[in-house]
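Each value in this text was obtained by applying a stated rule to the coordinates, not by laboratory testing. Predicted, not measured: the structure shown is a model, and the values here were computed from it. Every residue, glycine as well, gets a Cβ built from its backbone with ideal geometry; the counts of neighbours run over all protein chains shown.
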Amino acid sequence: MRVSAALMRQAEVVVNELLRFDAPADQVVSAYFRKNRNLGQQDRAFVAETAFAVLRRKRSLESAAGSAEPTALVGAALVRVLGSSGRVLDGLVDPELVAKLRAASKDMPDAVRAEQVEEVITRVSGKLLERVALFDRYVGQGVEPGHRSLAWRLTFRHAERTLREREIDARRTDILKALADELNVRQRTG
């Protein structure tokens with residue numbers, strides 16, 4: 001789905017209302033959709049999914065974005081939680097935010113091949129890993145000479161139940177540790 005400026009603003013308005021914590025989140029979102037009946041099914045799904053992603057990961061998104069503003073949180077949620085490429089945000093949010101969010105990838109020596117990283121990710125993730133996809137590559141300012149920054153989107157799924165956030169966080173921690181230990185690949189922090 002292509003994200004338009006208008007759709008981003010809709011998500012930002014809902015996030016702003018949710019962060020007041022005046023009512024349960026589902027009631028706030030439902031009331032917003034009743035007031036804005038012109039939103040289509042896909043638009044409502046995007047707004048709701050983005051808003052709830054912000055609520056679930058508010059602290060880590062604030063840290064990643066360096067701001068608690070709804071615009072920054074929505075952008076961070078799209079990249080960090082919902083797996084959108086940072087390019088989706090080009091022209092929609094502050095370019096500095098896009099650069100900061102893109103930096104949340106893995107710095108790796110040029111000698112390490114992407115396939116090696118994917119092999120470690122697949123082995124450590126186990127049966128819950130449904131898909132691993134490289135979606136961004138960056139070489140330039142902020143990346144150590146002789147290194148490049150690559151970003152992967154990982155999709156985890158259990159056939160019989162919903163995965164808990166702590167399960168995914170534990171897999172992520174295990175993956176990062178294995179990558180650092182085995183290939184000297186580390187997550188970028190800035």
Quiz item: Which of the peptides 73-82, 34-43 is most tightly packed, and how do the rest follow, going by the mean number of other Cβ atoms within 10 Å of each residue?
Solution: 73-82, 34-43
Self-check item: Packing rank of 156-169, 122-135, where each peptide gets the mean count of other beta carbons within 10 Å, highest leading
Solution: 122-135, 156-169
Quiz prompt | Ratio Rg/Rh, restricted to the stretch 106-187 and using Cα atoms, in which Rh is the Kirkwood radius | solution = 1.00
Exercise. Would you calculate the volume per residue, in Å³, of the smallest convex hull containing every Cα atom of the chain?
Key: 124 Å³
Practice problem: Per DSSP H run of n ≥ 4, the term is -39500 (n - 2.57); total these for the chain, divide by its residue number, and report the mean residue ellipticity at 222 nm rounded to 500 deg cm²/dmol. | Solution: -15500 deg cm²/dmol
Quiz prompt | Note, ³J(HN,Hα) from phi for the stretch 53-62, Karplus 6.51, -1.76, 1.60, rounded to Hz, x at Gly and Pro | solution = 4, 5, 4, 5, 10, 3, 5, 5, 5, 4
